[in-house]
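Worksheet for the structure shown next.
None of the figures in this text is laboratory data; all of them are computed from the coordinates on show. Predicted, not measured: the structure shown is a model, and the values here were computed from it. Quick reminder, even Gly has a Cβ in these numbers, built from the backbone with ideal geometry, and neighbours come from all protein chains shown.
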Amino acid sequence: MTASPPRFAGFGLGLRKPHYADFLNGEVAVDFLEIISENYMVEGGRPLFVLDTLAERFPIAMHGVSMSIGSAKGLDRDYLRRLKRLADRVKPLFLSDHLCWTNADGRASHDLLPLPYTEEAMEIVCANIAVAQDMLERPMLFENPSSYVAFPDADYTEWAFLAEMCARTGCHLLLDVNNIYVSATNHGLDAQAYLEGIPAARVRQMHLAGHTQGPILIDTHDHAVCADVWRLYARACERFGPVATMIERDDDIPPLSDLLAELQIARDIAAGIKGLAA
């Protein structure tokens with residue numbers, strides 16, 4: 001494994017097809033772009049052309065959805081080799097995935113399934129992270145999941161699990177502020193205690209997104225960031241300082257100008273916290 005990922009305090013957006021032309025044809029006020037890694041793990045085609053072109057102008061964060069770091073049977077080595085080829089091509093600012101499992105018996109669930117926060121799961125996750133970081137020859141970031149079920153007999157809270165995982169493996173964190181809010185609301189947890197339990201030195205990136213209201217909150221990435229998540233983001237900025245921040249939108253994607261306006265809110269919140277600290 002190589003050195004720690006860089007500290008980078010810019011503000012970015014997810015690169016999505018409806019906005020390809022905006023980024024290719026004009027100047028867009030973002031500091032970095034984040035891609036869904038699997039969408040570009042191909043041999044050619046327009047998405048890869050767009051990525052190659054934009055990687056000359058913007059730092060790129062690679063964010064995966066199917067590593068399945070919690071898989072008891074270990075990781076797919078072919079997947080890791082293909083991911084490394086893309087990372088070698090892009091030279092990403094960050095390389096991340098989720099604390100979850102997605103595959104069973106060679107079948108993809110196409111969902112980010114939860115893990116029990118037990119010592120047994122910890123040993124599996126840490127062994128898999130070691131394999132991933134060694135094969136990718138890069139340190140990784142892992143994102144806290146949104147949660148809709150809780151397992152009995154847990155040995156750790158989610159935040160304690162993340163902290164111990166980082167301590168054992170040297171990995172870093174992509175802290176999803178919306179996911180903290182969703183999980184805390186669904187399970188009656190203290191979101192501030194969650195933030196306080198996260199090792200600040202390990203946080204390299206933060207996500208902001210919208211969710212869907214209902215009997216429980218669902219992390220759907222199809223709404224604007226809500227006021228409560230903005231307030232939690234302000235607390236996260238106080239706790240972690242300047243950290244790369246981006247807004248995710250994966251459905252009901254609005255015009256780019258709408259997302260840039262949301263991103264400006266994040267800039268203003270972070271700047272206000274910095275000003276208070278000064």
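Within the stretch 179-231, can you find the residues that are aliphatic (A, V, I, L, M) and closer than 13 Å to Asn144 by Cβ?
Passing the criteria: Ile180, Val182, Ala184, Leu189, Ala191, Leu195, Ile198, Val203, Met206, Ala209.
Within the set of pairs 6+ apart or on separate chains, which have a first residue in the stretch 1-25 that is more than 17 Å from Asn39 (Cα to Cα), a second that is among the charged types (D, E, K, R) and loosely packed, with under 13 Cβ neighbours inside 10 Å, and C-beta atoms under 8 Å apart?
Pairs found: Met1/Asp134; Met1/Glu137; Thr2/Glu137.
Just need a number here: residues in the stretch 136-159 that are without any contact (Cβ under 8 Å) to a residue 40 or more places away in the chain and closer than 18 Å to Ile124 by Cβ.
5
Can you name the condition, by its number, that Asn186 falls short on among (1) among the polar types (S, T, N, Q); (2) in contact (Cβ under 8 Å) with a residue 24 or more places away in the chain; (3) closer than 28 Å to Ile35 by Cα?
(3)
If Gly26 meets every condition in (1) of a type outside the set (Phe, Trp, Tyr); (2) closer than 27 Å to Ala9 by Cα; (3) in contact with a helix residue (DSSP H, G or I) (Cβ under 7 Å, 6 or more places away or on another chain) apart from one, which number is that one?
The number of the failed condition is (3).
Between residues in the stretch 123-135 that are touching a residue at least 24 places away in the same chain (Cβ under 8 Å) and closer than 10 Å to Ile69 by Cα and residues that are part of a helix (DSSP H, G or I) and among the basic types (Lys, Arg), which pairs lie under 8 Å by C-beta distance while being six or more apart or on different chains?
What qualifies is Cys126/Arg168.
I need the full set of residues from the stretch 216-269 which are among the charged types (D, E, K, R), closer than 20 Å to Ser96 by Cβ and surrounded by fewer than 20 Cβ atoms within 10 Å (Cβ to Cβ), in order please.
Of everything in the stretch 216-269, those that are among the charged types (D, E, K, R), closer than 20 Å to Ser96 by Cβ and surrounded by fewer than 20 Cβ atoms within 10 Å (Cβ to Cβ) turn out to be Arg239, Asp250.
As an exercise: evaluate Val225 against (1) within 16 Å of Leu15 (Cα to Cα); (2) of a type outside the set (Gly, Ala, Ser); (3) within 16 Å of the chain's Cα centre (by Cα) and give the number of the one condition it does not meet.
It fails just one condition, (1).
Considering only the stretch 148-167, how many residues are crowded, with 16+ Cβ neighbours inside 10 Å, over 27 Å from Pro215 (Cβ atoms) and acidic (Asp, Glu)?
Summing the residues that are crowded, with 16+ Cβ neighbours inside 10 Å, over 27 Å from Pro215 (Cβ atoms) and acidic (Asp, Glu) in the stretch 148-167 gives 1.
Quick one: which residue in Arg46, Arg16 is of a type in the set (Lys, Arg), more than 20 Å from the chain's Cα centre (by Cα) and more than 19 Å from His172 (Cα to Cα)? It would help to see each step written out before you state the result.
Working: Arg16 fails: more than 20 Å from the chain's Cα centre (by Cα).
Selected residue: Arg46, the only one of Arg46, Arg16 that is of a type in the set (Lys, Arg), more than 20 Å from the chain's Cα centre (by Cα) and more than 19 Å from His172 (Cα to Cα).
Please find, among Ala227, Ala201, Ala191, the residue that is small (Gly, Ala, Ser) and touching a residue at least 24 places away in the same chain (Cβ under 8 Å).
Of Ala227, Ala201, Ala191, the one residue that is small (Gly, Ala, Ser) and touching a residue at least 24 places away in the same chain (Cβ under 8 Å) is Ala191.
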